[in-house]
Amino acid sequence: MTAIAPRFGPQLIRLLLVTAVLTVGLLGALAGTASAHAALTGSDPKDGAVVDVAPREVTLTFSEQIAMGDDSIRVLDPSSKRVDVAKMQDLSQGGTVRYAVGLKPGLPDGTYTVAWQAVSADSHPVSGAFTFSVGAPSATTATVPDQEAGGGLVGTLYDAARYISYAGFILLVGGAAFVLACWQRGASVRPLQRLVVGGWVTLTAATLVLLLLRTPYTGSGKLGDMFDLGGLSDVLDTKTGAALVSRLLLLGAAALFIAVLFGAYAKRVTEAESEAEQDGEGNAEAGKAKADLAFGLSLGGTVVAAGIAGTWALSEHASTGIQTGLAMPLDVLHLLAVAAWLGGLVSLLVALYRVPDLERAAVRRFSRIAFTSVVVLAVTGVYQSWRQVGSWDAWTDTSYGQLLLVKIGLIAVLLGAAWFSRRWTGLLGEDAKTAKTAEAGAEAESHAEVGVDVAEESAEEDVAEAGTPADPERAVQLARQRTALATARKKRDRDADTERSGLRRSVLIEACVALVVLAVTTALTGTEPGRTQEKEVSRTGTEAAAPAPARPVNLTEPFDTGGTKGKGTLRLTIDPAGPGTNLMHVWIDGPDGKPMDVPEVKVAYTLKSQQIGPLPVVPERLAAGHWSAGNVQIPMPGDWHLQVTVRTSDIDQTTIEKNVKIG
């Protein structure tokens, strides 16, 4: 690096600073756009509803599958005290995702606040709150966290760890692929060894941080909870926790791969090169041993790399939505192609700046691999874009589509820089005589400007005249001088190569743009896909345009079947009490107000004015005294005649009849 500092250092520093500012700015600007798939689509009672009788439980319905804990739903009275008493119940059935929590009996009139938090199927946290009133609305002092799930300091640290983990994966996989496929002699080059090992350490550390931060990220939001062993145990039972643990196990295998790559394999490459000058059986045997080891490393490394990439595919966007069976393997291919291209790019950049004698053949091999990676990225990227965006309007109307457009623009810039790199690669060593003349001209220019070569030649003469001194310290000093002079000469010759200097600059620009692309990609993985955003907008717009009822239907009627223990109270709710699909709950209470278990409950709806019905509904028993039907179809609005039959024994039953207004 010191050899190029006088000519290229200031430009390099400015370019890196601009890239850093752009990266930080994009991460900060996009932090507010992150959201997840799942959304609250309904509740019982509804948001803002006023019910005559306090409900026995609060039910929440979501758009997609989520993960919730026993403390995920909290119900607060007007004085901010919790009134939920039972553990959360999973009432999901068919394609409906629904959860409920029981309430204390005999709640007084007033406004109640429901706060909830969950983890979406693609591993991102969601949260929200709404209110309902019993009797009449009232003032309330209930407070819910003003910070969204996954926000604050914990959210910032979590997003940073995700970015760093992607960067570590790219350096680890791309660096190792560059050594095995492009420049085998690089296995014994220290800068490349440090790059690959650094990628492994970075990915391992970031994965551990993600695992520890998972509890506060999806729960309390308090940084201190990252060391909560109980929370960590709960995380390990989730899909994301299992993916992170699997990644750590695969990184253990990757450590063994690195040890063999930079140990036994580097030794084989060195032995093969030393024997390449000799003819005979030894040279052939060394080459065969190196080829066999390279094949084994390539096969094993590909399996490990694909496994690590799979930990992302199994826990993020690819694992949710449509066509997951095809999306997940294509996501693995996408990540591997990114690593091979960008990780190899960084490796090439390190080699161009830190290794004076990088072969032209290695650069050309990487150029071919980069081209193949770009083709794979294009194919998989087009599919993922179709799958996640959903429509042409979503490209500009959703945050996901807008981010994707930014990413496509940056990749276009990246491909432009890559085109210049390929041009410089084609010129490398094209005309040895011309290159030698350029080196001589550069050397003469360097003599004229700084006189470095004169000093070097004088130093060489002094070293040569000194011979081998008797003083051991003097001998060590002369050896260091010889090494320094040889290194300086190699760097000077390298910098005099116009084609190599041009290639270094274009590759540096590629690497800087790649940093920003990685930042945008990280933001995309935390942003709700356009297809889902459009569904939510459509659903919201439809609900806003439809004439919603003032409140759901709530009935409370006493009954007496005439038999032993045949008296009780029936409570029934119909939500939203409009044409189409409705949710119905029936509660049977005994004379003491406690749930009363009965053998059978049947319901029927009749619209006499239109001669429709009776339409039978057989609710499902959820618990003692609680029956529910989640798909009650009412074809049109009107005054419907409701019949509820309650049977308390084999022969004792009664039917309660009531007219209800639908729509």
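Nothing in this text is a laboratory measurement; each read-out follows from the coordinates by a stated rule. Because the structure is predicted, anything quoted here is derived from the model rather than measured. Cβ atoms come from the backbone with ideal geometry, glycine included; neighbour counts cover every protein chain shown.
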Practice problem: Under 12 Å from the Cβ of G135, count the other residues' Cβ atoms, weight Lys and Arg +1, Asp and Glu -1, and hand me the total. | Solution: -2
Quiz item: Want the number for I651 to T270: 0.36 nm per residue separation, take away the alpha-carbon distance, what's left?
Solution: 127.9 nm
Quiz item: Along the principal axes of its C-alpha atoms, what lengths does the range 149-197 span, in descending order and rounded to whole Å?
Solution: 49, 18, 8
Self-check item: Equivalent ellipsoid semi-axes - Cα gyration tensor, the range 113-259, angstrom
Solution: 43, 13, 12
Self-check item: Members of K46/K608; K567/K608; K81/K222 lying beyond 24 Å, as alpha-carbon distances in this model show
Solution: K46/K608; K567/K608
